[in-house]
Every structure is written in structure tokens, then in C-alpha cells.
Amino acid sequence: MPIYEDFLFYVWQFKVFDQRELKTTDGQLVELIYNGVLNKNAGPDFQDAKLRIGGTEWVGNIEIHINSSDWDRHHHQSDRAYNNVILHVVYQHDKEVLRNDGSAVPTLELKKFIYPNIENQYQVLMQNLNWIPCEKQIARIEDLHLESWLLRMLIERLEQRSQQFIEILNEYKGSWDDAFYISLARNFGFNTNALPFEMLARSLPQQILAKHKK
């Protein structure tokens, strides 16, 4: 079966690959802390990811391609919007690539880490015409496992949101007002405009708004 980028998006988004001993093409260990949010607009494929590469923690975007050389074919090497890509995830590594600022992009070749039979499962899900593609499979899962999975997803989401808030709180030296103001502004932007709204809040401190509240 030919490999398509949509399949790699699925693999990365739902983490259906072996995360143990992940390494970049130059041998650096990769620890996946948060795989990011799928971006359906222009720009890198996944945003706000958090990784540890070679012992250094990075926060930024993920770009996904079939081959490493697709980076150049799509002209990302001349696009500054891709300077904040912290990891280039590819099915097959065939070329070293650079950002617009001349720095090398760490690359993870995912092919050997993808779980067996995932391609077939993906095809079944994509060809299913039900409103929820996996609805016929859910009935096979024991209630205990399903409830445990839903609880785990709820806890993971709460932990992610809490961690984001704690990072802002620490950045503003324990100011709950500032942390709440920035977090609230970010959520007003929803998925598409979260970052611009956050930048607006950071450039316009709530203390200034308080002086002009009347």
C-alpha cells in the first residue's frame, strides 16, 4: 500500500507507534511529551508540541512528510513560518534539510516505529461510512476498558491544561491575575487564533486595562 501524509498524520496524532528508543537521524534520543495539535490551516502540521531531544526540552511545531526531501519540494527552506519547527517527522529519510535561517531540522524517521497492521486498521476506518468510523468496534470493548480509557483521556487533558497554566504562572512570578488574563485571552482565540490572542494579551498587560476600566 502506498503511504500518504494523511496516514502519517493519523499515526502521529494518535501515537500508534513505538515511543521507546525514538532517535533522530543523527542519533539523538527523542522523548515525546506532547505531540501537539493538528493544524488544519496554513503552516506546520502540528502546533504547540513539546519534546525532549538529546536532553534538551523544546516547544514548537511538527512538520510531517513522506520523504525528507519533500521539505525542499514544498519550499519550506525559504519560508520563515517553518523556522519554529522543532522536529521533522518523515516516513523515509532521504535528505538532510535546513530551515530558512540556515539551521538543521532534527528529523525522525517513523517507518520502523509504526506498529504492525496499523495501515490495515487505518484503511478500514477510512473506508467505513458510519458517522463514527469505529462505532462497530466499540461494542467489542469491555465496559471496564472503555471507562478506564475515557477517564485517562479526561485526566490527560486536565493535566495538559494545568501544565500550560502553571508555566504561565511561573513566568509571571506567581501572579494569578496575569496567568488567568493570558489564559482567558488565549481561549477566546479558540484553536485557530489562540496564539495571536495570547500575544495580544502579553503586549497589553491587564494592569493597563485596569487603569482605563471606566
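The residue list Asp94, Asp48 contains one member that is among the acidic types (Asp, Glu), assigned by TED's automatic domain parsing to the domain that holds Thr25 and not in a strand (DSSP E or B), which is Asp94. Would a scan of the range 142-163 turn up a residue that is at pLDDT below 90, part of a loop (DSSP other than H, G, I, E, B), more than 19 Å from the chain's Cα centre (by Cα) and not hydrophobic (A, V, I, L, M, F, W, C)? Within the range 142-163 (the criterion being at pLDDT below 90, part of a loop (DSSP other than H, G, I, E, B), more than 19 Å from the chain's Cα centre (by Cα) and not hydrophobic (A, V, I, L, M, F, W, C)), the answer is yes, since at least one residue qualifies. Any residue at all in the range 18-26 that's surrounded by 16 or more Cβ atoms within 10 Å (Cβ to Cβ) and closer than 29 Å to Ala194 by Cα? Looking for residues that are surrounded by 16 or more Cβ atoms within 10 Å (Cβ to Cβ) and closer than 29 Å to Ala194 by Cα, one finds none in the range 18-26, hence no. Residues in the range 53-66 that are more than 17 Å from Gln160 (Cβ to Cβ), surrounded by fewer than 14 Cβ atoms within 10 Å (Cβ to Cβ) and either modelled with pLDDT of 90 or more or in contact with a Lys or Arg (Cβ under 8 Å, 6 or more places away or on another chain) (or both): 1 in all. Any residue that is farther than 17 Å from Tyr4 by Cβ and part of a strand (DSSP E or B) - is there at least one of those in the range 64-85? There is at least one residue in the range 64-85 that is farther than 17 Å from Tyr4 by Cβ and part of a strand (DSSP E or B). Can we say Gln13 is more than 26 Å from Glu119 (Cα to Cα) and out of contact with any Phe, Trp or Tyr (no Cβ under 6 Å at 6 or more places or on another chain)? Considered against the rule, which asks whether it is more than 26 Å from Glu119 (Cα to Cα) and out of contact with any Phe, Trp or Tyr (no Cβ under 6 Å at 6 or more places or on another chain), Gln13 comes out as no.
Going through (1) in contact with a Phe, Trp or Tyr (Cβ under 8 Å, 6 or more places away or on another chain); (2) over 30 Å from Ser183 (Cα atoms); (3) in contact (Cβ under 8 Å) with a residue 60 or more places away in the chain; (4) surrounded by fewer than 16 Cβ atoms within 10 Å (Cβ to Cβ) one by one, Glu109 falls short only on (4).
Okay, residues lined up against (1) under 16 Å from Glu109 (Cβ atoms); (2) in contact (Cβ under 8 Å) with a residue 24 or more places away in the chain; (3) loosely packed, with under 14 Cβ neighbours inside 10 Å:
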residue	(1), (2), (3)
Trp12	yes, yes, no
Val30	yes, yes, no
Phe46	no, yes, no
Leu51	yes, yes, no
Ser68	yes, yes, no
His74	no, no, yes
Asn83	no, no, no
Tyr91	yes, yes, no
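Mind listing just one residue for me: the one in the range 79-105 that is in contact with a strand residue (DSSP E or B) (Cβ under 8 Å, 6 or more places away or on another chain) and among the polar types (S, T, N, Q) and, of those, farthest from Tyr115 (Cα to Cα)?
Of everything passing the filter in the range 79-105, Asn84 is farthest from Tyr115 (Cα to Cα).
The set of residues from the range 172-195 being within 20 Å of Gly36 (Cβ to Cβ), at pLDDT 90 or above and surrounded by fewer than 15 Cβ atoms within 10 Å (Cβ to Cβ) comprises just one member, Asn187.
The values are calculated or read from the model by the stated rules, or taken from the named source; none is laboratory data. This one's a predicted model, so the numbers in the text were calculated from it and none came from an experiment. With ideal geometry, Cβ positions are generated from the backbone for all residues, glycine too; neighbour counts draw on all protein chains shown.
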